[in-house]
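*Asks:* Pasting a structure below so you can have a look.
The values are calculated or read from the model by the stated rules, or taken from the named source; none is laboratory data. Just so we're clear, the structure is a prediction, and the values are computed from it rather than from any experiment. Cβ atoms come from the backbone with ideal geometry, glycine included; neighbour counts cover every protein chain shown.
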Amino acid sequence: MAGAGSRVGGPEPIGLSLIVGLGNPGEKYRNTRHNIGFDCVSLLHERMGRPTIQAKFESQLVRGVLEGRDVCLVWPQTFMNCSGRAVAQVARFYKVPVENILVVCDDLSLPLGKLRIRRTGSSGGQKGLGDILNSLGTQDVPRLRIGIDPTPAGWETADFVLSRFSNPEKALVAEALATAGDAIGCWLRDGVEAAMNRFNAGRGS
């Protein structure tokens with residue numbers, strides 16, 4: 001999978017694009033900080049007009065059109081730390097090159113609601129992203145990180161990422177998800193560099 005048709009820093013994705021939201025399946029984890037990737041892809045599903053979701057390749061997925069592009073939305077159902085197994089199956093079946101895969105995940109190092117888009121790099125400790133990079137055999141996988149705030153004093157990180165947003169935080173999260181959807185639209189239309197330049201400057205800007 002590594003380097004297949006790679007155009008690092010090139011123009012918009014050509015052909016089918018995978019947009020992968022990371023999270024954990026099940027009601028227990030719904031709307032937790034760690035599931036903000038799931039929530040972002042669910043927002044894209046709404047923008048797509050809610051086409052029927054299928055269960056395939058250890059994922060929930062749906063094909064449709066966003067920004068005039070052929071898109072497959074993917075919610076891996078393997079639990080966060082094994083996300084790569086599901087993503088590799090989808091990418092292999094649809095023959096999607098790595099530069100046409102965008103992973104959306106939470107980030108503890110960013111302030112709540114801040115976005116960070118990168119075309120390559122390490123996982124930064126995000127285990128789901130790390131498993132995807134390992135499964136695809138490359139770090140050249142575009143990713144959109146959404147800040148969930150650093151772990152507060154007195155909290156265990158595992159407990160914090162599985163906590164839910166407070167009522168005062170929910171409005172900021174909703175705004176960040178809407179902006180993340182716009183950033184993904186920019187990525188589809190204009191490519192990763194344009195999305196980085198437009199959406200990495202500040203919180204939601």
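*Asks:* In contact (Cβ under 8 Å) with a residue 24 or more places away in the chain, closer than 21 Å to Ala180 by Cα, surrounded by 17 or more Cβ atoms within 10 Å (Cβ to Cβ) and of a type in the set (Phe, Trp, Tyr): is that true of Phe38 in this structure? Show your work before the answer.
*Replies:* Details: in contact (Cβ under 8 Å) with a residue 24 or more places away in the chain: yes; closer than 21 Å to Ala180 by Cα: yes; surrounded by 17 or more Cβ atoms within 10 Å (Cβ to Cβ): yes; of a type in the set (Phe, Trp, Tyr): yes.
Here the answer is yes, as Phe38 does meet what is asked.
Residues checked against (1) free of Cβ contacts under 8 Å to residues at least 40 places away in the same chain; (2) surrounded by fewer than 20 Cβ atoms within 10 Å (Cβ to Cβ):
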residue	(1), (2)
Gln60	yes, no
Pro97	no, no
Ser109	no, yes
Gly125	yes, yes
Leu129	no, no
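*Asks:* Related question: Search the stretch 62-86 for residues being within 25 Å of Glu27 (Cβ to Cβ) and touching a Pro at 6+ places or on another chain (Cβ under 6 Å), and hand back the single one that is surrounded by the most Cβ atoms within 10 Å (Cβ to Cβ).
*Replies:* Here the residue is Ser83.
*Asks:* Let me confirm something: among Gly23, Gly10, which residue is in a loop (DSSP other than H, G, I, E, B), out of contact with any Leu (no Cβ under 9 Å at 6 or more places or on another chain), at pLDDT below 95 and not acidic (Asp, Glu)? Walk me through it before giving the result.
*Replies:* On the way: Gly23 fails: at pLDDT below 95.
Going through Gly23, Gly10 in turn, just one is in a loop (DSSP other than H, G, I, E, B), out of contact with any Leu (no Cβ under 9 Å at 6 or more places or on another chain), at pLDDT below 95 and not acidic (Asp, Glu): Gly10.
*Asks:* Given the conditions (1) modelled with pLDDT of 95 or more; (2) farther than 14 Å from Gly23 by Cβ; (3) surrounded by fewer than 17 Cβ atoms within 10 Å (Cβ to Cβ), and given that Leu133 satisfies all but one, which numbered condition is not satisfied?
*Replies:* Of the numbered conditions (1) modelled with pLDDT of 95 or more; (2) farther than 14 Å from Gly23 by Cβ; (3) surrounded by fewer than 17 Cβ atoms within 10 Å (Cβ to Cβ), the odd one out for Leu133 is (3).
*Asks:* So, one more: Of the residues Glu175, Glu169, Glu156, which single one is out of contact with any helix residue (DSSP H, G or I) (no Cβ under 8 Å at 6 or more places or on another chain), surrounded by 15 or more Cβ atoms within 10 Å (Cβ to Cβ) and among the acidic types (Asp, Glu)?
*Replies:* Values: Glu175 fails: surrounded by 15 or more Cβ atoms within 10 Å (Cβ to Cβ); Glu156 fails: surrounded by 15 or more Cβ atoms within 10 Å (Cβ to Cβ).
The unique qualifying residue is Glu169.
*Asks:* Identify, please: which residue in the stretch 39-78 is acidic (Asp, Glu) and on the phi < 0 side of the Ramachandran plot and is, among those, nearest to the chain's Cα centre (by Cα)? Steps first, please.
*Replies:* Within the stretch 39-78, the subset acidic (Asp, Glu) is 39, 46, 58, 67, 70.
Now narrow it down to the ones that are on the phi < 0 side of the Ramachandran plot: 39, 46, 70.
Numbers: Asp39: 9, Glu46: 16, Asp70: 17 Å.
Step by step, filter the stretch 39-78, then rank; the result is Asp39.
*Asks:* Taking the criterion of being without any contact (Cβ under 8 Å) to a residue 40 or more places away in the chain and surrounded by fewer than 23 Cβ atoms within 10 Å (Cβ to Cβ), would at least one residue in the stretch 9-21 satisfy it?
*Replies:* Narrowing the stretch 9-21 to residues without any contact (Cβ under 8 Å) to a residue 40 or more places away in the chain: none.
Within the stretch 9-21, none of the residues are without any contact (Cβ under 8 Å) to a residue 40 or more places away in the chain and surrounded by fewer than 23 Cβ atoms within 10 Å (Cβ to Cβ).
*Asks:* Yes or no: the stretch 64-76 includes at least one residue that is assigned to a loop (DSSP other than H, G, I, E, B) and either hydrophobic (A, V, I, L, M, F, W, C) or under 16 Å from Ile148 (Cα atoms) (or both). Steps first, answer last, please.
*Replies:* Applying the first criterion (assigned to a loop (DSSP other than H, G, I, E, B)) to the stretch 64-76 yields 67-68.
Filter once more, so that each one left must be either hydrophobic (A, V, I, L, M, F, W, C) or under 16 Å from Ile148 (Cα atoms) (or both): none.
There is no residue in the stretch 64-76 that is assigned to a loop (DSSP other than H, G, I, E, B) and either hydrophobic (A, V, I, L, M, F, W, C) or under 16 Å from Ile148 (Cα atoms) (or both).
*Asks:* Here is a follow-up. Which condition number does Lys114 fail, the rest of (1) of a type in the set (Lys, Arg); (2) over 22 Å from Val192 (Cα atoms); (3) buried (at least 16 other Cβ atoms within 10 Å of the Cβ) being met?
*Replies:* (2)
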